[in-house]
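My questions will all concern the structure given below.
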Amino acid sequence: MIVRLMGDAQYRVDDGLRDELQQLDEQALEALEREDEEAMDGYLDRMWTLVKERGELLPAEDLHPSDALIPPSDLSLEETRKLFSEDGLIPDLPGR
Amino acid sequence: MAGLMSRASTVVRAKLSRLLDRAEDPGETLDYSYEKQLQLLQDVKRGVADVVTSKKRLQLQTGKLEQELVKLEGQARQALGAGREDLARQALERKSAVQQQLQGLDRQVQELEAQQERLIASERQLSAKIEAFRSQKEVIKAQYSAAEAQVRIGEAATGIGEQMADTGLAIQRARDKTEQMQARAAAVDELVASGTLEDFTSDQTQLDRELAQLSSSSQVDAELERMKAELGAGEQQKELEQ
């Protein structure tokens, strides 16, 4: 699958890595829900490291959409929460 | 329950599909999307320039404060040499306040540095994808029927749309950071102007004036001593001559 490290680039990851990422992702979400920013940042950092070390960087000109986006760890809890609401952190794309 | 990764992806896709749903003529959609991509590329370049400007402003302030540190250190020595421990203490207290300000500035410069790097990386990604999109767009327009084109456009547009959302977020975050720093710098300027805070960088502070007085009075003392000595010598000379 293709994952995007938000604010960085896209990477192709194999199934083994995908499973590891999903476990960390669940833990990150739990940390977000119990408002434990330090723990959440820790899980996100580990996800970033795994992807950078074992993922395959996609060339910048690749136009494939990603299957998953991994937020950066320097967002606050509030910002991370906003990331998932439609009128949240990600700006609207220009419409007509 | 979906984790963070898939939720973020869902939000971006929802935004994109709403955008694509509104499109009617594929060719027009492609050209319009391309135009928007170029606008965003300009935005990200402007974002980099803004961050660089803010960073320069902070670096300028850093330079001034560093000069101030050296000056205050010298003033403390001068005051101590003149036996004015009270003034020396004042100078050192101000020096420690300036040091704190400097540490704050250093952190901010580093933060801006990080924002700048991200924007540049984002610009590189976006720029490469726009170029790829531009050539695909011509192929799609030339070779496919309307129905086929619709599918291909969907693929290309989703890929580049995700990049646009990511770059948009990077621009937004850099802008927030820059604004926070400008607001803080302006607040400090205001405090200085209203006299609430001493202006560390103004040429003449109370301490400067007192130290200037001190050194001029010690100069006067020295001169007096010299004159007295001359006069004394003159008197002795006269006494000898008599």
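The values are calculated or read from the model by the stated rules, or taken from the named source; none is laboratory data. Values in this document were obtained by computation on a predicted structure and should not be read as measured data. Quick reminder, even Gly has a Cβ in these numbers, built from the backbone with ideal geometry, and neighbours come from all protein chains shown.
For the range A:21-57, give me each residue that is more than 11 Å from chain B (Cβ to nearest Cβ), acidic (Asp, Glu) and either in contact with a Leu (Cβ under 6 Å, 6 or more places away or on another chain) or not in a helix (DSSP H, G or I) (or both).
The answer is A:Glu35, A:Asp36, A:Glu37, A:Glu56.
Of the residues B:Gln37, B:Gln67, B:Gln90, which single one is crowded, with 18+ Cβ neighbours inside 10 Å, over 30 Å from B:Arg124 (Cβ atoms) and not β-branched (Val, Ile, Thr)?
B:Gln90
Kindly establish whether A:Leu75 is touching a helix residue (DSSP H, G or I) at 6+ places or on another chain (Cβ under 6 Å) and within 10 Å of another protein chain (Cβ to nearest Cβ).
In short, no.
Something else about it: Looking at (1) surrounded by 20 or more Cβ atoms within 10 Å (Cβ to Cβ); (2) away from every other protein chain (no Cβ under 14 Å), which one does B:Gln101 not meet, given that it meets all the others?
Exception for B:Gln101: condition (1).
A further question on this structure: Conditions: (1) at pLDDT below 90; (2) within 10 Å of chain A (Cβ to nearest Cβ). B:Gln180 meets all but one. Number of the miss?
(2)
Could you list, in sequence order, all residues of the range A:3-20 that are surrounded by 19 or more Cβ atoms within 10 Å (Cβ to Cβ), in a strand (DSSP E or B) and more than 8 Å from every other protein chain (Cβ to nearest Cβ)?
A:Leu5, A:Gln10, A:Tyr11, listed by residue number.
Looking for something at the interface with another protein chain (Cβ under 7 Å from one of its Cβ atoms), surrounded by fewer than 22 Cβ atoms within 10 Å (Cβ to Cβ) and at pLDDT 85 or above - is there at least one such residue anywhere in the range B:137-147?
Looking through the range B:137-147, none of the residues is at the interface with another protein chain (Cβ under 7 Å from one of its Cβ atoms), surrounded by fewer than 22 Cβ atoms within 10 Å (Cβ to Cβ) and at pLDDT 85 or above.
Output yes when any residue across the range B:18-29 is in a helix (DSSP H, G or I), more than 20 Å from B:Leu102 (Cβ to Cβ), touching a Pro at 6+ places or on another chain (Cβ under 9 Å) and modelled with pLDDT under 90, and no when none is.
There is at least one residue in the range B:18-29 that is in a helix (DSSP H, G or I), more than 20 Å from B:Leu102 (Cβ to Cβ), touching a Pro at 6+ places or on another chain (Cβ under 9 Å) and modelled with pLDDT under 90.
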